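In what follows, a single structure is set out as structure tokens and then discussed.
Bear in mind these aren't lab numbers, they're just calculated from the coordinates by the rules spelled out. These figures come from a predicted structure and were not determined experimentally. FYI the Cβ positions are ideal-geometry reconstructions off the backbone, even for glycines, and counts take in every protein chain you see.
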Amino acid sequence: MEPSAREPLIKRTSSSYRTFPESAGKRLDREYLQSLHNKWLYLAVFVAVLGNFSFGFALVYPSPVIPALEAHPSPTLRLDQNTASWFGSVFMLGAAAGGLSAMVLNDRLGRKLSIMFSALPSAVGYALMAGAQGIGMLLLGRVLTGYAGGLTSASIPVYISEISHPGVRGALGACPQMMAVLGSLVLYALGKHQGTLPHVPSAPDCAAPAGLVLDWRWLAVAGEVPVLAMSVLLCFMPNSPRFLLSQGKEDEALGSLCWLRGKDTDYTREYEQIKDSVRKQSRRVSCAEIKDPFLYKPILIAGGMRFLQQLSGVTCILVYLQSIFKKTSVILKPEYDAALVGLVRLFSVAIAAVSMDKAGRKILLFVSAGVMLVSNLTMGLYIHFVPASQNGTIANKTLLSSANPFAEPTNYITLIPLLATMFFIMGYAMGWGPITWLLMSEILPLKARGVASGLCVVVSWLTAFALTQSFLLAVNTFGLEVPFLFFAVICAGNILFTGCCVPETKGRSLEQIEAFFRTGRRSFMR
């Protein structure tokens, strides 16, 4: 590339975030990126992220369903506090199992076929829940939909990263998170209740629905729609050129890249770069190679980000959102809480998608962690210092209580927990939510990408399960403020981790990123 073409790129990139040297690897010049036709690429990404839509739908399925089943007339389907807790959390165990299987399937079947395979357990899981005659069928359905979600969580970001080019990879990398949020919003809309029954102590929502827009069985049927659409449409989408080259299918890889970039573009240059990178990593990872910094550093970074993401408290806050709002008596009717937070998440992910390829990954991670830190700290201090009589709570040692159905707050100080939660979700959704998935797919080396991405998903969901299961115990033992103060400390750690360990990948090809870790130039610990 000529110096005159490189100079604006150097000026636009702050020296604080230029993790990669300008001379690392071969750069795809801007003229080539601007000549690409992205419509088919966008179509392939849209079809793939239908799996994330289904994942978001399945994740929050218990929100309107648990209250309905706790009031179910049949004892074989009626949930008590223990079974309701498992109905909500067993999904995460299934997701961890899905991540484990992705470690094998991603490299054996390929990214596209792995995503298509996830449709089978997802469809069976929804069918079991739709036709459930007992609690066992409900729990098995949750495990299977969780398994599908874990498999897609590991496969879809890698697929999108490998078919995208640096010009749009950041924006497209936010699509899985955006579609998952959209799936949750659709579930909330279809499960919106009409009228209320007395509060059921163990329900995540504060009031049980007298009637849903869709019955809980039909909600499960509705979950089949995106799954079936994804599996059919993916048949017409190409596989990842990098995966095809790793399997020695050069003609198919060239045809795939041609379809994604456009026939009248200079895609052969990009093809040669990909081919050269794949050739250097043709062998499978051996145990001895794990000691190579080229492998273990990006794996530790990606796994560490997934671990810290969950420890920041996002899953606990989303799962127990209604109960947290109930306890702090926010000045909002409980039935609107989840939808409002979902809209904030969707808006924030959209901001991240637009900003990622302009501002960069690291600056958004810094801002995201900072906002989450302040929000968690505010929430913890509010719960600790505001008297129970002022915020409308009955006791500070229990989260799921048999309090009156609706508190009528008369003090506008109860806006504080609502705003703190909204800002926390906003901060998470614009940084540590989508970017951790994107960076996982960007920095993991091709030869270990399938296994390592599955490992990261396992770490993520096992952490989420452990934290969600221990959250209520911590609240009942120490009070609600303690978990939020713990989350605030973790968010401070997220800032340090981002500054010390996370590389800036904006505008870099996957081959450049791999070359950076391989050569060790300008250590990623700076």
Exercise. Is region 115-165 rounded, prolate or oblate when judged by the Cα gyration tensor, a ≥ b ≥ c being the square roots of its eigenvalues, rounded requiring a/c under 1.5 and prolate requiring a/b larger than b/c?
Worked result: prolate
Exercise. Residue separation times 0.36 nm, minus the C-alpha to C-alpha distance between residue 419 and residue 189: what's the value?
Worked result: 80.6 nm
Seminar exercise, completed: Phi angles of region 419-424, converted by Karplus (6.51 cos²θ - 1.76 cosθ + 1.60, θ = phi - 60°) into ³J(HN,Hα) in whole Hz with x for Gly and Pro, give 5, 4, 5, 4, 5, 4
Exercise. Can you work out the FRET efficiency for the pair residue 82 and residue 225, with r the C-beta to C-beta distance and R0 = 45 Å, to the nearest 0.05?
Worked result: 0.90
Exercise. Which semi-axes, in whole Å and largest first, does the equivalent ellipsoid of region 413-526 have when worked out from the alpha carbon gyration tensor as the square roots of 5 times its eigenvalues?
Worked result: 33, 17, 13
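For region 214-260, how big is Rg over Rh, using alpha carbon atoms and the Kirkwood form of Rh? Before the final figure, lay out each step's value.
Working: Rg = 16.8 Å, Rh = 12.8 Å.
When Rh is taken as the Kirkwood radius, the ratio is 1.32.
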For this session: Could you compute the FRET efficiency for residue 292 and residue 269, with r as their C-beta to C-beta distance and R0 at 35 Å, rounded to 0.05?
Result: 0.75
Exercise. Which of the peptides 151-161, 245-255, 361-371 is most tightly packed, and how do the rest follow, judged by the mean count of other Cβ atoms within 10 Å per residue?
Worked result: 151-161, 361-371, 245-255
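How much FRET efficiency would the formula 1/(1 + (r/R0)^6) give for residue 478 and residue 217, where r is the Cβ-Cβ distance and R0 is 41 Å, rounded to 0.05?
0.55
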For this session: Go through 173-180, 70-77 and give me the packing order, highest mean Cβ count within 10 Å leading.
Result: 173-180, 70-77
For this session: Go through 430-440, 466-476 and give me the packing order, highest mean Cβ count within 10 Å leading.
Result: 430-440, 466-476
